[in-house]
1. Counting just the residues of the stretch 121-137 that are touching a strand residue (DSSP E or B) at 6+ places or on another chain (Cβ under 7 Å) and among the basic types (Lys, Arg), which one comes out modelled with the lowest pLDDT?
2. Would you pick out the residues in the stretch 40-56 that are of a type in the set (Asp, Glu), assigned to a helix (DSSP H, G or I) and in contact (Cβ under 8 Å) with a residue 24 or more places away in the chain?
3. Among the listed residues ILE119, ILE97, ILE112, identify the single one that is free of Cβ contacts under 8 Å to residues at least 60 places away in the same chain and either buried (at least 17 other Cβ atoms within 10 Å of the Cβ) or aliphatic (A, V, I, L, M) (or both).
4. Please verify whether the stretch 82-90 includes one or more residues that are polar (S, T, N, Q) and either in contact (Cβ under 8 Å) with a residue 24 or more places away in the chain or under 16 Å from LEU38 (Cβ atoms) (or both).
Amino acid sequence: MIRTFVVLALAAFTPGALCAPATQPGDAAHVDLLDRTLPEIAVDAVALGDAIDFLRDILGAKFEVNWQALNEAGVRADSPISVRLRNIIVGKALAMILDEAGKDRAKLAYWIDGGVIRIDTAENRAKRLPSTCSSRP
């Protein structure tokens, strides 16, 4: 299995839309990180857990993944993903990575809470968040 990560320098901030302003300490900084534009990100047959670790490393952000819920939905840390994206906002890239990992098994989602980027099933996110939140699909 070939594992490839390609990211060419984080570029300037790009404005992005959230459903509401960040409300917890540290949330605004993470919103800014997710609104950065990546010139390119390419992953080829990389485990979802490794892709999340990679984003954690390049962003310097804290991620928490509900692996138990993802496993129950059929998505494992070693689920392989492949995406090639250019000139994309980090938040959109993360959403596309999660879509690729969930495929026909589950809809995955992330949101920012207390300075942490949380990843879970979309169903669990809907249960935990009010209708206005600092989240992305």
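The values are calculated or read from the model by the stated rules, or taken from the named source; none is laboratory data. Remember, predicted model here, so these are calculated numbers, not experimental data. All Cβ positions, even for glycine, are placed from backbone atoms using ideal geometry, and neighbour counts span all protein chains on display.
1. By that ranking, first place goes to ARG136.
2. ASP50
3. Answer to the selection: ILE97.
4. For the stretch 82-90, residues polar (S, T, N, Q) and either in contact (Cβ under 8 Å) with a residue 24 or more places away in the chain or under 16 Å from LEU38 (Cβ atoms) (or both): present.
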